[in-house]
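Single-structure report; data block below.
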C-alpha cells in the first residue's frame, strides 16, 4: 500500500505504521487476545525479550486502564486505547533513525517539527522489569516511549531489546489536528460510511467507566485474582516432561496468560478503590512474583533460544 | 607538545547528568594520564545532548622512563607469596635481588618502566576511562556488554599540532574510532573529519551545534530576555531550568508563545510550576501586575516557517496541561468552600508521617499544641497560631499539591484565603516550611514564626525520640536543616524563647500522642507486672488500622530511677528505642548548640567564644546567647579585651596551680586591709566598681555595657601583676592575694566563662 501526504484517519496512521515496520523487517503480529494494561504485556514483548534468540515484531495492542475511564468525556483520557508496539532484539545500532523514519511515515515533517529525546527511565513493578531510554517529544508533546530493556522478570536482558511504544490515539490526534479524541475520523472521512472514533468507542467508554468504577463485583474480582495466581503457580509446578508425548514441554506461555489475568484483575480492583496503599504494594509484589516465575520458565525453552 | 581532542558521541545523554559527566571526564582522564607519566598544560571539557568532549593542551609526546624499587617478601617466605610478588612486578625470580634487612633477607625488585608514546598511553587510558565511567545509571545495548549512559556510537580521538593530526586508536568493542563526527541530528550535513579543537568547534557550529553549554544557556537567556522586553514583559529567572534546557538542545532556538486567557487567573506559581515541570517552559511575567502572561520554549532547530508549527504544537500541549491544572484548582476550591481546610485536612489521618511517629493528623495535633505555647514568645495570638497550625498541612490533601508537590504551603495559602482565613493565617500556611536552607528567607510574621518553629521542633523531637538522629553525612530526615531553621527563626526575629521548655513540652506532647497511636493496655497483673523483664502489650496501630503487637521492654533497674524504656515491635521491625523525655530535651538542646556553633562560625564568631557563653545560665535562649557572644567577640577584638584576657589567664593559671599545690580552693573574700601596694588597693576598688556595673548591665541584658565595665579592669589588673608578687612568704598576704585573684575570676565570670577562651 502506498501512502502520501498527511494521513486522513486514525486507521491510516495505524496502517502506515504497520507498513513501515513490515518494510523494516518486523513480523507484524496481531493483538494478544487478552486484557492487558499496555503493549508490553503481550508475550511478544515480555517473554520474547528474554533469552538470546533474535526477535523483531510489531503490533497494535488494545490496552485497558480502568482508572483512566472518563465516560468518554475527556478529550484524551480513555480506559481502552491502542498502543503500537515494536520490539527488536538485539537493539539495532540505528534504532533511533528507524524510529524517526516511522514518524516521517505517518506524515510528521522532520523539517517543520522539533523532535527531542528527553530522559525517561521505564520501570514496570508488576513485570519486574526496567530499562533506560527517553520519552520522545514532538513540539513538546510526548509521542512515544523509547526503551532499552535491561531487565525483565528479574532476568538481565542479554542481548538487549529495543522497545518502542506509541500511544496511538494521542499521536494520531496530533497528526490529524484533532482536539477531542471522540471527534477523530476512524476511517477515511470520504468513505461511504465515515465513522468517528466516538461513533466506534464512546458508548463502550461510558459502559466500561460505569462498570469499572461502580459495578465490577470486587469479591468476584478478588476470587479471580487468587484463582489466576494459583493456576499460574500450579502450571509451572508441573514437571517439564510430558508423559503423553514424551517431550519436554515447559508451559511458560499458558502460565504467563494467568499472570496477565492477575495483573488486569488487580487494575480493576484498583479502579474500584478497594485496595489500600499498603495492600497495593503487596498485590504488585504478587503479580511480580508470577511474572518472575514465568520468565524463569520461559528462558529454559527453545523460543528463548536456549534449549536448541 | 601536541594537544589531544576526544569526543564520545552517543544517543541523548540525560540533561541532569551532563555537567557532572564533563567534570568527571576531565578529572578522570587527566589524572590517569598524569599517573601514567604524561604531563599537560590545560584541559577543558564540553557536553551537549549527544557528545561528551575533552580538549587537553600541551600534552607531553612521550611519558618519561621510570625506575622503581619495590621491596618483596623474605627469601624464606612461602612460594605463593613470592609468586604473587613476581606477578605484581612482572619479573622472574632471576631478576630479583636479595638484600639484608633488619627482619632478615628479602627480595627486592627493580622495575624499569620504559617511556611510552603519548598515543599509546592515551589510547589505553581513554579506553579505561570509558569502561569505568561513573554514570549515575548506565545501560547495555544490542549484543554488547559495555555500560554507558545511552548507546555510544563513535569515538573521535586525535593528537594534533601545527604539523597535523594523528588518530589515536581507542579500542572499545566494535565502536568506530577515528577523526570524524557529525553535527546536528536534523540540520547537520553528515560526518566530517577534524584536525584540531578549533576546527572541531567551528565545524560543529557550521553544522548547527553549539558545543559549550554556557554559550547555549547565555544565548537562550539573552534571546528570551530580549523577546520579553520587546513586549514590555520579563522572563522569570530560573537557573536550574536554564541549565536543563541548555542540556536538551544542541542548537537552541527561542520561541515565545501565549497562554490562553482562560488560564490567566490561575495563581502565577501554578502556571509557572506546571509549565516548568511538564513542558520545561520559562514563564514570562508582566512586571506591573505580577501575572504570568506568556511562555518561552526552546526548540532544538530552525525551520522554514520560523518555528510557527513548533510553537503551535507546544501551545496545544500547554492548553491540555493547564486544563488539568484548572480542573484541580476548581475542585480544590469547591472542597475548601464547602468543608473548609479542616475538612480538606480530614484525610491526613490516613496519611502516615512516619510509621513510628503516627499519621500527619497526629503530627498536626502536636504542632497545634506547640504553636499555641510558642505564640506569646514571638508576639503572636495563641488562637491564631493554633488555627494556622491546624490547617497548615491541609493542602497536602489537595489535588493540586498531589500533582505538584512543590506547591505545598503555597496552595495552602490560596485555599486558606478562599476559606476566609486572615490575620496572617494564610501566610503562615505558605511560610511555615521556611527557612528551608541557609539562604532561604526567614519568616517574620508572628503567626508564621510560631507555626514554623512548632513544625520544626516537632520534627526534631519526633526523630530524636525514635533515635533517627543524623550521623556523619547521613541525615535522611533533614534534621540539621530543621535545627538551623529553629536557630534562624529565633535569631532572625530576636525571639526570646527558652527552648529547653519548648523541647520538653514537645516531647511530652509526643509521648502523649504515642498513647493515642497505640492502644496500650495495662500488663497482666496491673502495675505489679512492671518488674517483669518483658511485658507484651497488644493494641492496634490507629494509622494503618492494622493489629500491632508491641513488646514493652522494661529494664530491670526501672525502680532505680532509670526511666529508659524500649518499644520492641514483634514483627520484622528492629527494636525501637524511645529516648526518655527528660534526656531528649537535653540531647536536642546540645544538638541545637552544635548547629548554632556551625551557623555562627560561618558568620565569623569563633567556637571558643560561643563555648565561653554556652557555659552561662539560660543558654537555651539563643537570642540572649548570641547577643552575649557577639558582644564578647567584639570585645576580644579590642586592645583592652585582648589584654584583659591575658590578665585573666594569668590570674587563673596562678590560682589553679596554687589551689592544686595546696589542695584547697581560695574562695574566701579577700580583705582590702591586707593590701600592701597601691596597685593592690586600686584593684580592690576597681573590682567592686566593675562588679556593680556589670551586674547592672547584665540585668538589662546590655552586654556591650558589661564589656565596657569589664574593660575598666584591664589597667588595674596589669598594674597589679607588674607591682605585686602573689606568692609571697607572708602566708596571710599570699592567701589574701589568691582570694583576690579568685575575685577577678568571679567578677569576670558573671559575663562569660573566660577559661573556655583560647589564646
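Modelled spin-label separation between residue B:607 and residue B:659, with each label point placed 7 Å from Cα along the Cα-to-Cβ direction: 2.6 nm. Measuring how big the range B:338-475 is from its alpha-carbon positions, Rg and Dmax come out at 14.5, 48 Å.
Counting only Cα atoms, the range B:473-512 measures 31, 29, 10 Å along its principal axes, largest extent leading. Once the Cα atoms are used to define both axes, helix A:277-298 deviates from the longest principal axis of chain A by about 80 degrees. Could you tell me which of rounded, prolate or oblate describes the range B:639-756, using a ≥ b ≥ c as the square roots of the eigenvalues of the alpha-carbon gyration tensor, with rounded for a/c under 1.5 and, failing that, prolate when a/b is larger than b/c and oblate otherwise? It comes out prolate by the Cα gyration axes.
When DSSP beta bridges are restricted to pairs lying wholly in the protein assembly as shown, around 95% turn out antiparallel.
Set the Cα radius of gyration of the protein assembly as shown against 2.2 N^0.38 Å, with N its number of residues, and you get 1.21.
Sort out for me the Cα centre separation of the range B:448-483 from the range B:381-422, rounded to whole Å. Value for the Cα centre distance between the two parts: 21 Å.
From least to most packed, judged by other beta carbons within 10 angstrom and beginning with the fewest, B:659, A:73 follow the order A:73, B:659.
For chain B, what's the relative contact order in percent, using C-alpha pairs closer than 8 Å and at least 6 residues apart? Once normalised by length, the contact order is 7 percent. Using only Cα atoms, find the angle between the long axis of helix B:308-345 and the longest principal axis of chain B, and express it within 0 to 90 degrees, rounded to the nearest 10. Its long axis makes an angle of about 30 degrees.
Note on residue B:755/residue B:704: beta-carbon distance plugged into 1/(1 + (r/R0)^6) with R0 of 22 Å gives a FRET efficiency of 0.50. Computed from the Cα positions only, the extents of the range A:16-96 along the three principal axes stand at 42, 27, 21 Å, in decreasing order. Pop the C-beta distance of residue A:33 and residue B:117 into the FRET formula with R0 = 45 Å and round what comes out to the nearest 0.05. The computed FRET efficiency comes out at 0.10. Separation of the range B:118-157 from the range B:641-705 is 73 Å, based on Cα centroids.
With Cα atoms as the point set, the radius of gyration and Dmax of the range B:213-331 evaluate to 13.7, 44 Å. The distance separating the Cα centre of the range B:303-340 from that of the range A:131-157 comes to 26 Å. Using just its DSSP H runs of length 4 or more, each adding -39500 (n - 2.57), chain B gives a mean residue ellipticity at 222 nm of -15500 deg cm²/dmol after division by all residues.
Looking at the square roots a ≥ b ≥ c of the eigenvalues of the Cα gyration tensor of chain A, which shape do they give, rounded for a/c under 1.5, prolate if a/b is larger than b/c, or oblate? Cα axes put chain A in the oblate bin. Restricting to chain B, compute how many DSSP beta bridges are antiparallel as a %, nearest 5. Restricted to chain B, the bridges split so that about 95 percent are antiparallel. Taking square-rooted eigenvalues a ≥ b ≥ c of the alpha carbon gyration tensor, is chain B rounded, prolate or oblate, where a/c under 1.5 means rounded and, failing that, a/b exceeding b/c means prolate? Note, shape of chain B comes out oblate.
Within the range B:72-111, the ratio Rg/Rh, alpha carbon atoms throughout and Rh by Kirkwood, equals 0.93.
Every number in this text was worked out from the coordinates using simple rules, so none of it is lab data. This structure is a prediction, so every number in the text was calculated from the model and none was measured. Because the Cβ atoms are built from the backbone with ideal geometry, glycine has one as well, and the counts that use them run over all protein chains shown.
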